[in-house]
Amino acid sequence: MKPTYNRSPEDTSSDNKTSGNISSGNISSGNMSSEQIRYLKRVKRHRITVTLSRIFILIGFLLLWEFSSDYGLIDSFIFSSPSRIAACFMTMAEDRSIFIHLWTTLYETIVSFLLVTVFGILTAVLLWCSNKLSEILDPYLVVLNSLPKSALAPLLIVWLGATQKTIIVAGMSVAIFGSILSLYTSFMSVDEEDIKLIYTLGGNKRHALTKVVLPASIPAIISNMKVNIGLCLVGVIIGEFLAARKGLGYLIIYSSQVFKMDWLLMSIVLLCIMAMVLYALISLLERYYQKRV
């Protein structure tokens with residue numbers, strides 16, 4: 001006969017908390033070996049070193065740029081300076097003109113990105129469902145993906161006119177063909193044994209797609225989105241170069257024509273910040289998915 005032990009509610013509560021911490025991945029240092037603790041400390045130090053190095057490089061570059069401009073080492077009219085760019089932004093922020101350009105470019109980029117994502121997934125699914133169709137369209141997709149997209153922008157303007165829709169289509173044209181090829185390759189690389197299991201259990205192609213192919217391809221879809229957001233921004237800027245009256249691309253072209261280099265460099269800096277923010281948002285989506293998995 002096994003002995004029984006009387007356990008207090010506090011002991012039970014403590015066990016529940018411990019099991020909850022283990023299941024959520026929050027293991028206390030008391031449950032780790034000294035080697036694990038040292039490894040985690042090394043990882044933390046590495047991350048801190050990388051972050052601080054990035055910050056110091058950026059600050060050093062800005063200080064060197066400002067110093068060189070102030071003391072005549074570079075031509076401040078051509079190369080501007082961080083202080084002049086900041087002053088230019090504050091001036092345009094006061095009359096809110098810069099926000100019009102920012103919102104226009106951001107709106108066109110997000111719309112083209114969403115359309116590329118949806119259309120790319122749907123087309124890749126269609127190609128996966130029909131091997132004959134994929135064999136027919138494969139050479140055309142490869143050629144269109146290899147075509148310089150800047151060559152398409154003037155043609156799109158002639159066909160569609162100098163409108164915002166044309167700029168959105170120009171943004172899509174840069175990313176759509178590569179997105180389709182990448183997603184289709186990901187769908188085709190899914191483990192065949194898992195698909196055969198669906199058919200063995202009485203499922204059909206729709207079940208294989210929804211239960212195996214799409215779930216297994218979510219990491220590839222998110223990685224594809226991280227690439228596409230930058231490509232769509234590039235395409236939108238190309239379109240704004242040729243067919244816009246507002247937006248950061250238009251501001252870059254206009255400022256280069258009238259030699260307002262403060263405006264030009266400010267627009268480039270804002271594009272860099274916009275690209276970083278959009279990429280970071282998709283990275284957050286990727287981390288959220290990884291935690292759920």
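Determine if region 160-177 includes at least one residue that is open to solvent by less than 70 Å² (accessible area, probe 1.4 Å) and either farther than 20 Å from Tyr107 by Cα or touching a strand residue (DSSP E or B) at 6+ places or on another chain (Cβ under 9 Å) (or both).
Within region 160-177, the subset open to solvent by less than 70 Å² (accessible area, probe 1.4 Å) is 161, 163, 166-177.
After this cut, where a residue has to be either farther than 20 Å from Tyr107 by Cα or touching a strand residue (DSSP E or B) at 6+ places or on another chain (Cβ under 9 Å) (or both) as well, the list is 177.
Within region 160-177 (the criterion being open to solvent by less than 70 Å² (accessible area, probe 1.4 Å) and either farther than 20 Å from Tyr107 by Cα or touching a strand residue (DSSP E or B) at 6+ places or on another chain (Cβ under 9 Å) (or both)), the answer is yes, since at least one residue qualifies.
Answer yes or no: is there a residue in region 71-79 that is within 31 Å of the chain's Cα centre (by Cα), at pLDDT 85 or above and either over 27 Å from Gly247 (Cα atoms) or surrounded by 12 or more Cβ atoms within 10 Å (Cβ to Cβ) (or both).
Within region 71-79, the subset within 31 Å of the chain's Cα centre (by Cα) is 79.
Of the ones still in play, those that are also at pLDDT 85 or above are 79.
Now narrow it down to the ones that are either over 27 Å from Gly247 (Cα atoms) or surrounded by 12 or more Cβ atoms within 10 Å (Cβ to Cβ) (or both): 79.
Yes: one or more hits.
If you scan region 183-201, which residues turn out to be open to solvent by 60 Å² or more (accessible area, probe 1.4 Å) and part of a helix (DSSP H, G or I)? First the steps, then the outcome.
If we filter region 183-201 for residues that are open to solvent by 60 Å² or more (accessible area, probe 1.4 Å), which is where we start, we get 185, 188-189, 191-194, 196-197, 199-201.
Within region 183-201, Thr185, Met188, Glu192, Glu193, Asp194, Lys196, Leu197, Tyr199, Thr200 qualify.
A single entry from Ala275, Ala280 fulfils the requirement of being under 28 Å from Leu156 (Cα atoms) and either touching a residue at least 24 places away in the same chain (Cβ under 8 Å) or surrounded by fewer than 13 Cβ atoms within 10 Å (Cβ to Cβ) (or both): Ala275.
Those residues that are of a type outside the set (Val, Ile, Thr) and open to solvent by less than 40 Å² (accessible area, probe 1.4 Å), I need them from region 119-129; list them, please.
The answer is Gly120, Ala124, Leu127, Trp128.
The set of residues from region 30-67 being open to solvent by less than 100 Å² (accessible area, probe 1.4 Å) and either in contact with a helix residue (DSSP H, G or I) (Cβ under 7 Å, 6 or more places away or on another chain) or among the aliphatic types (A, V, I, L, M) (or both) comprises Met32, Ile37, Leu40, Val43, Ile48, Val50, Leu52, Ile55, Ile59, Leu62, Trp65, Glu66. Entry remark, region 202-235: residues being among the charged types (D, E, K, R) and either in contact with an Asp or Glu (Cβ under 8 Å, 6 or more places away or on another chain) or part of a loop (DSSP other than H, G, I, E, B) (or both) number 1 in total. Against the conditions (1) more than 24 Å from Lys260 (Cα to Cα); (2) assigned to a loop (DSSP other than H, G, I, E, B); (3) of a type outside the set (Phe, Trp, Tyr), Leu73 satisfies every one except (1). Residue count for region 225-245 satisfying the condition of being among the basic types (Lys, Arg) and at pLDDT 90 or above: 1.
Summed over region 230-258, the residues that are in contact (Cβ under 8 Å) with a residue 60 or more places away in the chain, surrounded by fewer than 21 Cβ atoms within 10 Å (Cβ to Cβ) and over 16 Å from Leu102 (Cα atoms) give a count of 1.
Regarding Val116, is this residue under 16 Å from Asn228 (Cβ atoms), at pLDDT 90 or above, buried (at least 20 other Cβ atoms within 10 Å of the Cβ) and not hydroxyl-bearing (Ser, Thr, Tyr)? Write out each step before concluding.
Values: under 16 Å from Asn228 (Cβ atoms): yes; at pLDDT 90 or above: yes; buried (at least 20 other Cβ atoms within 10 Å of the Cβ): yes; not hydroxyl-bearing (Ser, Thr, Tyr): yes.
Considered against the rule, which asks whether it is under 16 Å from Asn228 (Cβ atoms), at pLDDT 90 or above, buried (at least 20 other Cβ atoms within 10 Å of the Cβ) and not hydroxyl-bearing (Ser, Thr, Tyr), Val116 comes out as yes.
Would you confirm whether any residue within region 92-110 is farther than 28 Å from Met261 by Cβ and open to solvent by 20 Å² or more (accessible area, probe 1.4 Å)? Don't jump to the end; show me each part of the working.
Taking region 92-110 as the starting set, the residues that turn out to be farther than 28 Å from Met261 by Cβ are 110.
Okay, now just the ones that are also open to solvent by 20 Å² or more (accessible area, probe 1.4 Å), so 110.
Yes, region 92-110 has at least one match.
The values are calculated or read from the model by the stated rules, or taken from the named source; none is laboratory data. Everything numeric here is computed off the predicted structure, so don't read it as measured data. All Cβ positions, even for glycine, are placed from backbone atoms using ideal geometry, and neighbour counts span all protein chains on display. Accessible surface is based on the protein model in full, side chains and every heavy atom, while ligands, DNA and RNA are left aside. Shrake-Rupley method; radii C 1.70, N 1.55, O 1.52, S 1.80 Å.
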